[in-house]
1. Within the range B:635-646, is there a residue that is at pLDDT 70 or above, in a helix (DSSP H, G or I) and aliphatic (A, V, I, L, M)?
2. Restricting to the range B:2-18, give me the number of residues that are under 13 Å from residue B:114 (Cα atoms) and part of a helix (DSSP H, G or I).
3. So which of A:53, A:16 is part of a loop (DSSP other than H, G, I, E, B) and in the same structural domain as residue A:147 (by TED's automatic domain parsing)?
4. Just checking, does the range A:236-254 include any residue being in contact with a strand residue (DSSP E or B) (Cβ under 9 Å, 6 or more places away or on another chain), assigned to a helix (DSSP H, G or I) and assigned by TED's automatic domain parsing to the domain that holds residue A:290?
5. Tell me, yes or no, whether the range A:101-109 has at least one residue that is closer than 25 Å to residue B:261 by Cα and buried (at least 19 other Cβ atoms within 10 Å of the Cβ).
6. Which of the numbered conditions does residue B:363 fail, given that it passes all the others? Conditions: (1) modelled with pLDDT under 90; (2) part of a helix (DSSP H, G or I); (3) over 19 Å from residue B:279 (Cβ atoms).
7. Can you tell me which residue among B:94, B:133 is assigned by TED's automatic domain parsing to the domain that holds residue B:241, more than 32 Å from the chain's Cα centre (by Cα), farther than 15 Å from residue B:259 by Cα and not in a helix (DSSP H, G or I)?
8. In the range A:30-42, is there at least one residue being crowded, with 24+ Cβ neighbours inside 10 Å, facing another protein chain (nearest Cβ under 10 Å), outside any helix (DSSP H, G or I) and touching a helix residue (DSSP H, G or I) at 6+ places or on another chain (Cβ under 6 Å)?
Amino acid sequence: MITAKDLTKKFDSFTALNSLNCSIPEGCIYGMVGSNGAGKSTLLRLISGIYRADGGSVEIDGKNVYDDPEVKNRLVFVPDELYFLPRANLIRMARLYASVYERFSYDKFKNLVRTFKLSPTANIGTFSKGMKRQAATILALSCNADFILFDETFDGLDPVMRNLVKNLLYDDVMERKATAVITSHSLRELEDTCDQLSLLHKGGIIFESDIGNLKTSLFKVQVAFSGEYDRSKFQGVDMLSFTKHGSVSSLIVRGDREETAAKIKAMDPILFEILPLSLEEVFVYEMDALGYEFSEVLKQEVE
Amino acid sequence: MKSLIHRGYFKEMFRQLKVAGIVSAAILMASNIVTFLNVASTVGLNLEYYSIPTGGSLAPVMLAYVYVVGVLLTFSAFGWMNKRSLSDFYHGLPIKRTQIYFTSVIVIMLWMIIGLTAYAVVHALIYVVLGVPFNYLLFLGVYANMLIGALEVVGAASLACAISGTRFVNLFATAVILFVPRFLFSILAVFINSIDQNLSSSHLVVWSISVFFNPTYNIIATPYNSLLSFVSIDYANVGAMIYCFVYSMILVLLGWRAFLKRRSEAAGNPTTSKIYQSIIRIAVGLPLLLVLTYSMVADGVGSLAFIVIMVLLSFIAYSLYELISTKSAKKMAKAMPGFLICIAICALYVGLAYGITRLEYNVKVTDKNITAYQEIDDSEYTVLDSYMNRKSYSEIKSESIKYNDKESLEIIAKAYQRTIDSIDAEGRKAVPNYTVKICRKGRDIIRAINLTNAEQTRLEELREADKRYVDAAYSFPEGMKYYSVTYLSLAEAKQVGRVFEEEFNSLTNEQKLSLKSNSGWFRDYDDIYFEGEESAFTLTVYGCLGAKNYSDIYKLNGLTPRALAKAYELLNEKNGKKVKDALDKIIDWAENGGEHIDFDINFGKSELSQRFGWISFSSSKYCNMMYENMKQESSMKFKDTDPEIYEILKILSKAETTNDPGKGVLVIFEIPTSVYSYERLSVNLDLSESDVARIAALLSSLQGYEDEPVYYD
């Protein structure tokens, strides 16, 4: 398990992470979403032991990561800005990884190279942006690390490759009980990939939840009654939002679906329907409830 | 060891530096081709045309390699620290930072050791294979020094990389770390010397305080410092090697500490801390200002224009560094007031120099605390010395003698005190004329002191009474040595040398001394002849005493008749027939004309040599025409145009060779073998007194001949 306690990181006068707390369980795909400058990359660099925290700590299974090769051998980080040796091909890079990562598997490397259909002998410098990211993914997955950290994983990948990477991640998580931590500024990108999701804003996690729960515990109810009514009619229902157009109201409710349905049906509505919310809608309402303006937190998403 | 070196990273780093390592080693090795060609061209040549390589001539190529490749490889190995993405990648690797650092340093050093060793082995082999004289012990010393020097450069560059984050600052920081500390020590010494130039002539007084002050104790900084204070390295000085090694290790360890503290996010920033940036900035601005201050202390305030220019240049260097390194005019403006620190340091230096000078004057030397004294060659540390085998065997052997007889020590102590006491506001009254190392109970000091003539004479007498000095002064060189006799090959000279050594050892000290040439600065440039003395032949002994090269010149004369006879015998045997044939050919040409022949004749013995000096004449086509035109008799033969010379040639051609030194006249012929070269042939001809007198008379009658040598061109 990755645990961050009161994690603080400053760059001169700018505070990138401010007393951040989070725990990432093993065997899951953990998504982190946030706008540029929210602190996603900084958090990943702290988790992978690249940065030294200015305050608090980040630990993997109770061990501090920074300058501990034993812990670092259990994780691999694919940054947003990739690095390959000058004029190196995939084989040369594999040799580099193999020389430092104890669990690097050449068999897996060969399989992945075949799967991605990349030339192992071609100069990586001549690869397109997407191909470079594929190359980095191949190398990272070949390390057989317990924790795989991806920063802006799907940036530059076409839809086919995105699905391929996602499937490979699923395989690793399922087969080896690995943990993947993925950041993106696109909520939609992570929606169908992650088990858990957190939202970073201005150096802190403002929201963290299991995606399954998130989607089932927050839903939209459309209801109409024959007579006049207002918000007060729904006392006992945990509403995040209430809007009324004519006799039809839309409610964003948090709680158990069956229980809520039973409560509203008992009020004898002339129209009653429960609608699922997209993850984005869930976030909008949750943010709203927390007092954040969603468009501010995820600017790019809105744009 | 495992905690310092990561096996996988070692392999990886070795691979990464492979190209740079091999290419640089190949370039270094290629320089051996030049060495080979140079050395090959001296094979079989008389040592007159050859000098055993000195440290000063052996070191530059390796030193350049150490400077350039040391920095290049270190920047390659640690270059990732300058770019954020690379820095993140390497910091993310599952390797301890300590291991990353030391593994990198070791790999860099390994490549440098490979390069230097390959070069050194091939270099030495060239001399072994070609059988040319070479001081292997000295070369080993130079090689060892270069390895340590490589560590110093790598340490400095590693430290620079660890504290800075751009290539520009890497380079400046490396230069500052390598050179500025030594520069500060040296300039302080120069300051002190400028206050009292006679405090110790070439041995600046502060050098004796601590090895830190001694610029010869730093292999890497010395060539640079020699621009300032004319010093060179003694490549056999183990103390200097240890000092330099320890200093290098300190740099490596400081680099390690800085590397551990360094954060990945420092990549791209000029330095990892503002203090480092300030130090480098000040170090960049300081040198010119210190030079100005030194000039003001040494020569007075000087012209205002000079002061303004120097301050301005210093300020520009200071500000420009800040602007380029930070790429911010705002930061440059903010840093400007810091220039005052440079000025404050200069002021501090002046105060420090005067303070240390005063302290040095207070050092007491009495016959109670003095244990010995050593003679010091004033110019021992000069740069030129490192390029020449200037010292004689006796000088090298005697310079380590510590004289400790009571009377000598009393003279030294008295002279020392007189020298110090003579200092007043107007300077010294007793001008120092003798440099000694005074061994005291406590710290040894080197001082230039004033000795009266009587004291000098007495010290010489006392030295003459010292067996160690006598052994050093009058013994023939021992150990590995090579002989050189003019016009004889190495092997022939060796035969003469062995005979000479036997004869020399049986002579009295006075006789031995009379055979030795005056050692001195111009000895290497002197002609083989001893001006004003009856000797046409000299024996030069080149050799190595430990790592030091020496050369001694001895006369071959009546005191060593067997050696001289041996030399004549070898010459006559080798050249007699050739000379005879050449003379016949010249006479035939002089009488009958035909294709022109160039030739020079030099009478190299005794009064002939004295009277006529170098007499040479030429009958080249061009010269002959000039001569004929002058006489308007273009069809005349040489015997008619130059009857005096013709007669001389006839006398010479009739003479037989002789090995008897008492009878012969050494005649040296230079006969062209091609357009650009000539063969020098000398023989000892049996000329009668009347023949010699006739030649002298004929030469006297030549137009233009007076006291100076006559040249026909």
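The values are calculated or read from the model by the stated rules, or taken from the named source; none is laboratory data. Owing to the predicted nature of the structure, the values given are computational and were not obtained by experimental measurement. All Cβ positions, even for glycine, are placed from backbone atoms using ideal geometry, and neighbour counts span all protein chains on display.
1. Quick first cut of the range B:635-646, residues at pLDDT 70 or above only: B:637-646.
Narrowing further to those that are in a helix (DSSP H, G or I): B:638-641, B:643-646.
Then keep just the ones that are aliphatic (A, V, I, L, M); that gives B:645.
Among the residues of the range B:635-646, at least one is at pLDDT 70 or above, in a helix (DSSP H, G or I) and aliphatic (A, V, I, L, M), which makes the answer yes.
2. Start the filter on the range B:2-18 by keeping residues that are under 13 Å from residue B:114 (Cα atoms), which leaves B:14, B:17-18.
With the extra rule that they be part of a helix (DSSP H, G or I), the set shrinks to B:14, B:18.
Qualifying residue count, the range B:2-18: 2.
3. On the way: A:16 fails: part of a loop (DSSP other than H, G, I, E, B).
Answer to the selection: A:53.
4. Going through the range A:236-254, the residues in contact with a strand residue (DSSP E or B) (Cβ under 9 Å, 6 or more places away or on another chain) turn out to be A:237-244, A:246-254.
Narrowing further to those that are assigned to a helix (DSSP H, G or I): none.
Checking the range A:236-254: not a single residue is in contact with a strand residue (DSSP E or B) (Cβ under 9 Å, 6 or more places away or on another chain), assigned to a helix (DSSP H, G or I) and assigned by TED's automatic domain parsing to the domain that holds residue A:290.
5. Restricting attention to the range A:101-109, the residues satisfying the condition of being closer than 25 Å to residue B:261 by Cα are A:101.
With the extra rule that they be buried (at least 19 other Cβ atoms within 10 Å of the Cβ), the set shrinks to A:101.
Yes: the range A:101-109 contains one or more residues that are closer than 25 Å to residue B:261 by Cα and buried (at least 19 other Cβ atoms within 10 Å of the Cβ).
6. Just one mismatch for residue B:363, condition (2).
7. Working: B:133 fails: more than 32 Å from the chain's Cα centre (by Cα).
Being assigned by TED's automatic domain parsing to the domain that holds residue B:241, more than 32 Å from the chain's Cα centre (by Cα), farther than 15 Å from residue B:259 by Cα and not in a helix (DSSP H, G or I) holds for just one of B:94, B:133, which is B:94.
8. No, the range A:30-42 contains no residue that is crowded, with 24+ Cβ neighbours inside 10 Å, facing another protein chain (nearest Cβ under 10 Å), outside any helix (DSSP H, G or I) and touching a helix residue (DSSP H, G or I) at 6+ places or on another chain (Cβ under 6 Å).
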